[in-house]
Amino acid sequence: MLTVGLTGGIGSGKSAVTRLLGERGAVVVDADRVAREVVAPGTEGLAAVVAEFGPGVLGPDGALDRERLGRLVFSDPGRLAALNAIVHPLVARRSAELRAAAPRDAVVVNDVPLLVENDLAGMYDLVVVVDAPEDTRLDRLVRSRGMTEADARARMAAQADRAARLAVADRVVANDGTLADLETRVAELWEELVERAAAG
């Protein structure tokens with residue numbers, strides 16, 4: 001099994017690379033998806049979040065109101081730390097279960113947005129960084145996601161900078177061209193990952 005940590009700044013195209021690798025046969029462990037799963041209704045994670053933050057973080061349907069919770073924690077480092085203390089161990093445990101269920105010769109791609117920020121590079125056999133220039137990322141966020149330029153810049157500034165991401169990269173996938181360019185680069189990366197997985 002080859003474990004890959006895949007990351008990239010917001011607007012870099014990390015999700016597109018993850019999708020393309022999944023289509024080629026990678027076992028994808030998406031940290032954001034797992035984080036939602038571990039606080040779904042009926043889980044111990046949601047019960048712990050409600051015990052810590054109160055029933056006001058629930059929506060009318062009994063599910064976590066992520067926006068309301070976000071307003072509580074992102075302006076208060078102590079509250080954010082309390083949330084992370086609940087969610088991060090659950091995400092780590094569930095991610096480990098998903099990796100353990102993968103075939104022995106699998107390429108397991110862990111889509112980890114905050115890989116650099118949380119100093120997680122050492123957990124993986126290989127770190128792949130999806131990279132695009134800041135002006136390209138900014139344009140994508142404004143045009144494709146409908147963010148204001150100020151919001152997009154704030155989201156970018158809240159993450160590790162480009163140099164910090166590139167410093168931990170074993171492989172860089174440049175995403176500064178067309179989708180066809182990206183597909184070619186991902187196909188080349190996939191061949192290398194399969195060879196490395198087969199070599200053990």
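Taking segment 42-65 as the range and being in contact (Cβ under 8 Å) with a residue 12 or more places away in the chain and in a helix (DSSP H, G or I) as the test, the residues that pass are Glu44, Gly45, Leu46, Ala48, Val49, Glu52, Phe53, Gly56, Val57. Counting only residues that are closer than 15 Å to Ile86 by Cα, modelled with pLDDT under 95 and open to solvent by less than 80 Å² (accessible area, probe 1.4 Å), how many does segment 58-71 have? Selection size over segment 58-71: 2. Restricting attention to segment 19-29, the residues that are closer than 15 Å to Val130 by Cα and surrounded by fewer than 22 Cβ atoms within 10 Å (Cβ to Cβ) total 2. Set side by side, the residues Pro103, Pro113 differ, and just one is in contact (Cβ under 8 Å) with a residue 40 or more places away in the chain and in contact with a helix residue (DSSP H, G or I) (Cβ under 9 Å, 6 or more places away or on another chain), which is Pro113.
Among the residues of segment 156-200, those that are within 15 Å of Thr7 (Cβ to Cβ) and not hydrophobic (A, V, I, L, M, F, W, C) comprise Gln159, Asp161, Arg162, Arg165, Asp170, Arg171, Asn175.
Against the condition open to solvent by 40 Å² or more (accessible area, probe 1.4 Å), farther than 17 Å from Leu114 by Cα and not in a helix (DSSP H, G or I), how does Asp176 come out, does it pass? The answer is yes for Asp176.
The values are calculated or read from the model by the stated rules, or taken from the named source; none is laboratory data. For clarity, every value in this text was computed on a predicted model and none was experimentally measured. Neighbour counts run over all protein chains shown; Cβ positions are idealised from the backbone, glycine included. Side chains included, ligands, DNA and RNA excluded: accessible areas come from the protein's heavy atoms. Shrake-Rupley method; radii C 1.70, N 1.55, O 1.52, S 1.80 Å.
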